[in-house]
Structures are given as C-alpha cells and as structure tokens.
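No lab work stands behind these numbers, since they all come straight from the coordinates. Predicted model, so just to flag it, every value in this text is computed and none were measured. Here Cβ is always computed from backbone atoms with ideal geometry, including for glycine, and neighbour counts include all displayed protein chains.
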Amino acid sequence: MSKRARMTLDNPYLPYPVRIEQIVTETEDGNLKTFRLVFLNPEHEEKFRYMPGQFAELSIAGKGEIPIGIASSPTERGFLSFTVNRVGVVTAHLHNMKEGDVMGVRGPLGNCYPWDEMEAKNVVIIGGGFAFTTLRSSLVYLLDPQNRSRFKDVIVVYGARSPGMLLYRDELWQWEKRDDLQMHVTVDATDDPDWKHHTGFVPTIVKKVVPSSDSSVALVCGPPVMIRNTQPVLEDLGFPPERVFLSLEMRMKCGIGMCGRCNIGDQYVCKDGPVFSLAQLKEMPPEY
C-alpha cells in the first residue's frame, strides 16, 4: 500500500476516492438524484464498515463537502448510495457531475439505529420527503434474508408532497407486493385519477395504519414539521419515548465534532447521534 493510501485509511479528515458508477434522477423536478459510488481502493471499501442510520461526508475537490445519510444498506455489497438534494454550491456541482467522475467519501460517521435492541420486536418505519434515505437503508437491511427472521412485523409509512416527489418509486411498488411487510405510501395531495395509494399527511396515515404499540420500535426521519406532528400520534398509540428513534442528520456539519455547529445543549449530533431516542431528546433543549 502506498504511503498516501495508508494516510487516507488512518486520517479522519481525508476522504476515500470513489467513482460515480450510476446516477438516477429520483423526482420530477430533478432536484433529487441518487449517486451510486464505488471505491477505487478495495482496502478503503473494507475499512468503510457501516450500519443503517449512519452518514458520511461527500467531498468534491475545490468545492467542499456535505454530510449526507447513507441510503444503501451494508447488505448491498460493492457500492455506496447517497440521495442528494440540490440546495447549494457543493450539491449543485455534484448534480452536474457525470458517471465515471471521481470524488471523495469521508466516513462512516455518527451512530446507527439500535439494531440489537430491535430484535424480536415489530419495527415501524416512518419517513417523509427526501429524509427517507437512511430509512431506505434500514428497510433493505431488515428485508435481507439473513436478517428478516430477527424481527417481527415491519410496517412502513412513507410520504411526499406529490407522486412525482417520491423517492425510489420502483422499489416502493416492489415492496408493496411483499407479504413480509406492510407498505403504506401517501402523498399530501394529488389530482392523478390513477393514484391508488393513500392521500394525506404522514401523521394522519400513521394514526390509521399503525397498531397500538406492543413490543414495537419506531424509526422516524423527515422534515421537522412531520417529526413534531408524528410524536403525539406515537404517544397516543402507546410508544414509550425510549422506543421511538429519530435521526437529526439535517444538523450535520464537519461530522467529527470539531466545528461545534451541530451541538444541541451538550450533545454533538455528529458524534452522539445523529440517532437519538425521543427519551434522550426530551432531556435536551428543544432545538431540533
């Protein structure tokens, strides 16, 4: 191994070089794209061990880096996937890159969902908008044949503003056909006469389709308004705060606790999170 390759393995500030293998435009407005990345160095791929719920920094030389939740599952070998919203300089540059271009990935960073605590329990996945990325990772992980028997019922509620803003649409319709999970897709509103799924906000659908908590765990990730309005619904269903887990990945900056821009009280979201239980959040300042 070269000296530089060894430095990259050991230095948390240096990204691993990766090649863009595939780009998929997810939404009708073109602002959300999924990038499939492959490592240039097999040793970097081996070093990048992660679990659903973690994130990474996507790095573009001369432009900067951005923290993004990992959308692929560790059960999907040979690549990483990230779904990126076009919102700034780095993301705009990334959206203009082509398949075959080289960029960097730094990570994995943060903590994952508490998978050991979820064994032998029902798992309820609740997501909204483009925050469904780490939940997609979680669902693929749950459905892997080596993992599925470890968990009981799997219930998913995922919503977007309109049908054209849903992520991973081909996978959504495949998941709907499975008999080992309950998949509920909703949109805020639509004038599509062929729409055969739910219409309504995510918290409303959760109240309709999620049974009262009986050895169940909820994973929630979405825009702040969705998170705020979903919490009382889960409380009414009997989910105790210690069994509701939220991801605060939208607060990320440097990813390793050096810049101090993600803290909530005395907690650094990048190092102590981004996954927190609702019980933990209730002990923190209400800044999320």
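Summary of computed values
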{"read-out": "Lys, Arg +1 and Asp, Glu -1 on Cβ, resulting dipole of the range 60-197 about Cα centre, debye, nearest 20", "value": "300"}
{"read-out": "Net dipole in debye of the range 3-108 [+1 Lys, Arg Cβ; -1 Asp, Glu Cβ; about Cα centre; nearest 20]", "value": "360"}
{"read-out": "Theoretical FRET efficiency, 1/(1+(r/R0)^6), r = Cβ-Cβ of residue 28 and residue 63, R0 30 Å, to 0.05", "value": "0.70"}
{"read-out": "Mean Cβ neighbour count within 10 Å, used as a protection proxy, ranking 43-50, 139-146, 158-165 highest first", "value": "158-165, 139-146, 43-50"}
{"read-out": "Antiparallel DSSP beta bridges within the chain, percent to nearest 5", "value": "60"}
{"read-out": "Nearest-ten-degree value, helix 224-236 long axis tilted from longest Cα axis of the chain", "value": "40"}
{"read-out": "Number of Lys pairs (Cα under 24 Å; 8 or more positions apart or on different chains) in the range 3-108", "value": "4"}
{"read-out": "Integer Hz, Karplus 6.51/-1.76/1.60 couplings in order for the range 170-185, x for Gly and Pro", "value": "4, 5, 4, 6, 5, 5, 4, 7, 6, 9, 10, 7, 10, 10, 10, 9"}
{"read-out": "Cβ-based net charge around residue 59, under 13 Å, with every Lys or Arg adding one and every Asp or Glu removing one", "value": "-1"}
